[in-house]
Each structure stands twice: as structure tokens, then as C-alpha cells.
Amino acid sequence: MADVLTKEQRHKNMKNIKSKDTKIEVLLRKELWHRGYRYRKNMKSLPGTPDIVLTKYKIAIFCDGEFFHGKDWEVLKPRLERGSNSAFWISKISRNRERDDKVNKRLLYEGWTVIRFWGNDIIKCIDECIKVIEETIFDLMMSNDVTDS
């Protein structure tokens, strides 16, 4: 299956894929801000440059796109194998998934809590995403109360 776009059209499309301030990040940030949570965005001093960082609670939040981060990889990979430029895409997404795992492990080692959301979950179930964050904050505060006593 050949690419139906010209090289220039494909380049323009790929160039417009944002890495910061994506629709899903902005949506989640606005909801957090509205509920009184203050955060840092794209904190370069942390491994993986998390999209949203709640420094007060040491929580790093990533908003991952389904395609580039390989959601349902067991289903996506065979589909990519049948498509054009399959070796490139399988390699790229595999590396992204490996990098995500390394970033998670490094942040956990440094004492951070990592939360990852899929883009469609943020769009369709933002209240559930906020609930996950709030439950994580509650759990962290409760465990700190226990260790402080």
C-alpha cells in the first residue's frame, strides 16, 4: 500500500504534529487548574519531560497519543506490518514504548509517581482521569501521614 500523499504533503503533515501543548494536554491542564491544582508543564529537569508535573505531590503526568505510543500494541503491530513503510513504524513505535518504560522506571527510582493517560481517555472521560489523579494524591497524602506518625 503506497502513501497517497506526496513527499512534501507528508512532510507538512508530520511537521504539524505537536509535542507540547497538544489538545489533550491543554484539556487536562485546564481541568486541573479549574479544580485548584497548580502544576508545571513540560518540566525539562525530569526524565522524559513530563507533560504535567504536580511538584507538591511529586506526580509526573504524561498524555500519550494512541498511535505514537503503541496503545493495544498486539493489535496495532500486525496492522502496521500490512501497511506501507512497516519496518520504520514498527521500529519507531517500539522505541517509543521502550523509552516510556525507561522513563517510568527512572522517575519511580527518583521517588516520583507516574501517571500516563491515553489521549482518547482524556477527551472522552476527563472526569475519570481527574479522579485517578485525585485518588493518587489522596493515597500519597495518606501514606505520608502514616510514615510521619
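The values are calculated or read from the model by the stated rules, or taken from the named source; none is laboratory data. Keep in mind the model is a prediction, meaning the values are calculated, not measured. Heads up, the Cβs are rebuilt from the backbone with ideal geometry, glycines too, and the neighbour counts pull from every protein chain shown. Please note that ligands, DNA and RNA were not included when accessible areas were found on the heavy atoms of the full protein model with its side chains. Shrake-Rupley method; radii C 1.70, N 1.55, O 1.52, S 1.80 Å.
Side notes on the structure shown:
- Yes/no for VAL103 being open to solvent by less than 30 Å² (accessible area, probe 1.4 Å) and more than 20 Å from TRP33 (Cα to Cα): yes
- Listed by first and then second residue, the pairs linking a residue in region 69-88 that is in contact (Cβ under 8 Å) with a residue 12 or more places away in the chain to a residue that is open to solvent by 100 Å² or more (accessible area, probe 1.4 Å), with Cβ atoms under 6 Å apart and 6 or more places separating them unless they lie on different chains, are GLY83/MET1; SER84/MET1.
- Single residue of region 1-15 satisfying the filter (assigned to a loop (DSSP other than H, G, I, E, B) and open to solvent by 100 Å² or more (accessible area, probe 1.4 Å)) that is modelled with the highest pLDDT: VAL4
- Being surrounded by fewer than 10 Cβ atoms within 10 Å (Cβ to Cβ), closer than 23 Å to ASP139 by Cβ and modelled with pLDDT of 95 or more is a property that ARG29 lacks.
- In region 103-149, the residues that are under 24 Å from ASP72 (Cα atoms), touching a residue at least 12 places away in the same chain (Cβ under 8 Å) and not hydrophobic (A, V, I, L, M, F, W, C): ASN104, ARG106, THR113, ARG116, GLY119, ASN120
- For region 106-138, taking the residues that are of a type in the set (Ser, Thr, Tyr) and open to solvent by less than 70 Å² (accessible area, probe 1.4 Å), the one that is farthest from GLU66 (Cα to Cα) is identified as THR136.
- Within region 45-59, the set of residues being in a loop (DSSP other than H, G, I, E, B) and under 15 Å from the mean Cα position of the chain (by Cα) comprises LEU46, PRO47, GLY48, THR49, PRO50, ASP51.
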